[in-house]
C-alpha cells in the first residue's frame, strides 16, 4: 500500500506541484485547503504524514499541529511544517508546537520528498523500505551499496555512515560536533576537524566531473545535504 501524504495548503499551484512530485515518487496524496477540513480528514483518512502550511484559513497550521498532538488517535502522526517564515524564532515555535520537521518556502521538491520519507521511516521503521535516496544518490542499506545516477560509489565504513546520516536528515545543517556524535559515537574522542577529512573523501567518491556537489558547506556552522545553491 502506498504511504498517504496529506497536503494542507491553500495555494492551489503549490498543491499541484507537491502532488505531482509526491505521486511521481510513489506516494498517495489527499488534500485539505484549510485547518478545519484538515482535522476532519486526518480523523477519517489517517494519513502517514501531513505537510502542513503555517498560514491557513479558519484554523492556523500551528493550531492544527497542536490539536493533532493533543489527540490520542493522531498524537504520533508525523508533521512537516511548510512556511514562508524563515526566522529562527518561527522555526522554534513550529517545532515546539509539535512539528517533526520544518521546511521554508521556496524549497527543492526532491528535498521535500526525501524529508517525507525520513519522517515516515522514523515513525514506522518496521514498515519502511531499506533504501535512502536524495537527488540522484541511492543507498541500499541491506546490500550496503551506494549508487549515483546508476554509477556504483565505493565508500569506506565511516563515509558510508556519514552519508547515511546526511541522507536521513536532508537539508538540515549539522555542526562538526553533532556529526561526530552521530557517526563516531559519544564515547569516542575524535578531533572535530576529522569530520572535514571524511567529508572531503565522501565528496571525492560521490562527485564525478559533471555531478552537482550535494554536500553544502555552511561557513561557521557545518554541513548539509542540499541541492540548493546561492
- If the viscosity is 1.002 mPa s and the temperature 20 °C, what Stokes-Einstein diffusion coefficient in µm²/s follows for the stretch 4-123 when Rh is the Kirkwood radius over Cα pairs? 154 µm²/s
- Message: Can you say what percent of the DSSP beta bridges in the chain, counting only those with both residues inside, are antiparallel? Round to 5.
- Response: 50 percent
- Item | residue 149-residue 122 pseudo-label distance in nm [points 7 Å out on the Cα-to-Cβ vector] | 3.1 nm
- Taking only Cα atoms of the chain, the Rg to Rh ratio with Kirkwood Rh works out at 0.98
- Note on the structure: Connecting every pair of Cα atoms under 10 Å apart in the chain and solving the GNM, the largest mean-square fluctuation among 138, 12, 32 falls on 12
- Query: Between rounded, prolate and oblate, where does the stretch 17-62 land on the alpha carbon gyration tensor, with a ≥ b ≥ c its root eigenvalues, rounded for a/c under 1.5, else prolate if a/b exceeds b/c?
  - Reply: oblate
- Compute the long axis of helix 35-45 from its Cα atoms, compare it with the longest principal axis of the Cα atoms of the chain, and write down the angle in degrees, 0 to 90, nearest 10. 80 degrees
- Note on the structure: Rounded to the nearest 10 degrees, the helix 157-168 long axis (Cα) sits at an angle to the longest Cα principal axis of the chain of 20 degrees
- Query: For the stretch 131-225, what size does the Cα cloud have along each of its three principal axes, sorted from largest down, in whole Å?
  - Reply: 36, 29, 20
- Task: Tell me what the chain gives for mean residue ellipticity at 222 nm when only DSSP H runs of n ≥ 4 count, each as -39,500 (n - 2.57), the sum divided by the residue total, rounded to 500 deg cm²/dmol.
- Result: -11500 deg cm²/dmol
- Task: Round to the nearest 10 and give me the degree value, 0 to 90, for the angle of helix 109-123's Cα axis relative to the longest principal axis of the chain.
- Result: 80 degrees
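Where a number appears in this text, it was derived from the coordinates with a stated rule and is not lab data. Note that the structure is a prediction, hence the values are computed from the model and not measured. Ideal geometry is used to build each Cβ from the backbone, glycine not excepted, and the neighbour counts take in all protein chains shown.
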